[in-house]
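The values are calculated or read from the model by the stated rules, or taken from the named source; none is laboratory data. Bear in mind that the values here come from a model prediction, so they are computed numbers and not experimental data. Counting neighbours? That spans all protein chains shown, and the Cβs are built from the backbone with ideal geometry, glycine included.
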Ligand code: FAD
């Protein structure tokens, strides 16, 4: 659906409180630019919305002028669906207010807020909700796909903590979705991505976290990959619920102050454990790792929760050329470990790696059908294979590495499509495979109720059915 008709942006300007940018306006480039430097698209017009009414006005303008709609939250996806060529971008990045109600333990968060915006506000009260591990990721796209991070084992996914959402529907109606208002829409928003409307406000349930938490980072050399992954396989199920973990396979040691200089960029495997209980509980939890297989280096320290949330930001700077594919693994079987270790050494960029999220604890106490999340709720690993490079040429090499590794792991995967938020190419078959046919059919039916014309199709698209 490419825009061909002429249109007058003044009509949109006069209908909105927020600014409207055309290609010649100052602010246009900033508003269209997203995290993935490999994606350089030029919308015909950008509506920088400041209210749900602005969003409704932009949608009406898009409809009247047959413009393809894209919705930008934090602009932090590999897929780049939030920016299109020629169409109308609804940019939510100015809608980033966060209002915390510490008595109720809840927060209202603007649809364009980033994790950093949300964490800064909630941490003032020693509260937090599950979010991603890079702080400039938008809460919008992250939550609508599921939302996994350090708190997943303790508090479930972001969607498991969603109380309600304010949504601007394709026809311009502004509605609230919760367990009691528009419950089917509320179900679909919790995992169904940006398919059902523009979420202008998320209401979350918060948990007491920090402000000081505990970090344990362990790094093993590439040659010890098999032993390290076998150790991690035994260790993860022993972790107390009040801890989070991330496994980084095919990682190059960062040039960080806590890494001895002679290990900078050395390839290997990392296990990062975040403890949300006492220092003693954390020390006891990580002791078995240190005893079982001496790491090349380790870093065990108290850290502010907000610092933990920003700790990996330098590993994924804006403007990198990125590509990713993911799949779900039931376990690190010996076969899986063999594929991971065989492929780990084949990447080119030091920033390319395989972040693997242990999904268990509170995550698996939620019923399979309670939310629209794509993927099982039984304990498993969300395995992401990520290419991240400073230039397009190196991306060509590491994109091939991602695809080869994914193909090799695919026969061993419990869900070869993986998490919808980790799909750089979200084609119909993979989206359907991620949800499974029953859940996809329900999503398609709800899509037909709320967006029969598939206005919101620049996403991991669910076709109205
Ligand atoms: P955008 O590019 O702005 O949006 C992506 C899509 O989401 C849009 O096309 C639109 O369909 C939809 N969307 C966004 N906001 C709204 C809204 N308010 N209303 C309606 N639709 C909306 N995911 C995790 O779960 N955990 C992680 O730890 C994690 N780490 C990541 C690290 C990196 C470096 C990157 C690039 C991604 C990571 N992700 C992670 C994936 C991330 O959750 C998704 O890419 C998500 O879509 C980003 O949301 P965004 O709002 O920033 O993206």
Given (1) more than 13 Å from the ligand (Cβ to nearest atom); (2) free of Cβ contacts under 8 Å to residues at least 24 places away in the same chain, number of the condition residue 96 does not satisfy | (1)
Cβ pairs under 6 Å, 6+ apart, first in region 73-87 and under 16 Å from residue 49 (Cα atoms) and free of Cβ contacts under 8 Å to residues at least 60 places away in the same chain, second more than 7 Å from the ligand (Cβ to nearest atom) and assigned to a loop (DSSP other than H, G, I, E, B) | 83/41
If you go through region 103-117 one residue at a time, how many are closer than 15 Å to residue 200 by Cβ and part of a helix (DSSP H, G or I)?
-> 1
Scan (1) within 16 Å of the ligand (Cβ to nearest atom); (2) touching a helix residue (DSSP H, G or I) at 6+ places or on another chain (Cβ under 8 Å); (3) closer than 24 Å to residue 117 by Cβ for the single condition residue 186 breaks and write down its number.
-> (2)
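Check 267, 295, 254 and return the single one that is farther than 30 Å from residue 460 by Cβ, modelled with pLDDT under 95 and surrounded by 15 or more Cβ atoms within 10 Å (Cβ to Cβ). It would help to see each step written out before you state the result.
Details: 267 fails: modelled with pLDDT under 95; 295 fails: modelled with pLDDT under 95.
Matching residue, one of 267, 295, 254: 254.
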Region 446-458, subset assigned to a loop (DSSP other than H, G, I, E, B) and either on the phi < 0 side of the Ramachandran plot or assigned by TED's automatic domain parsing to the domain that holds residue 186 (or both), residue farthest from the ligand (Cβ to nearest atom) = 452
Between a first residue in region 22-40 that is at positive phi and free of Cβ contacts under 8 Å to residues at least 40 places away in the same chain and a second residue that is within 14 Å of the ligand (Cβ to nearest atom) and not in a loop (DSSP other than H, G, I, E, B), which pairs have beta carbons less than 9 Å apart while being 6 or more apart in sequence or on different chains?
-> 27/46; 27/48
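If only one of 87, 111 is in contact with a helix residue (DSSP H, G or I) (Cβ under 8 Å, 6 or more places away or on another chain), under 24 Å from residue 457 (Cβ atoms), near the ligand (Cβ under 9 Å from one of its atoms) and modelled with pLDDT of 95 or more, which one is it?
Within the list 87, 111, the selection yields 111.
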Among the residues of region 364-375, the number that are surrounded by fewer than 23 Cβ atoms within 10 Å (Cβ to Cβ) and within 16 Å of residue 188 (Cα to Cα) is 5
Flagged in region 414-444 as surrounded by 15 or more Cβ atoms within 10 Å (Cβ to Cβ), away from the ligand (no atom under 15 Å from the Cβ) and over 11 Å from residue 326 (Cβ atoms), in numbering order, are 414, 432, 433, 435, 436, 439, 440, 442, 444
Give the residues of region 114-141 that are buried (at least 19 other Cβ atoms within 10 Å of the Cβ), in contact (Cβ under 8 Å) with a residue 60 or more places away in the chain and near the ligand (Cβ under 9 Å from one of its atoms), sorted by residue number.
-> 115, 131, 133, 134, 137, 138, 139, 140, 141
Over region 1-20, the set of residues away from the ligand (no atom under 16 Å from the Cβ) and surrounded by 14 or more Cβ atoms within 10 Å (Cβ to Cβ) is 3, 7, 9, 11, 12, 13, 15, 16, 19, 20
Those residues of region 142-169 which are part of a loop (DSSP other than H, G, I, E, B) and within 9 Å of the ligand (Cβ to nearest atom) amount to 146, 147, 148, 149, 150, 157
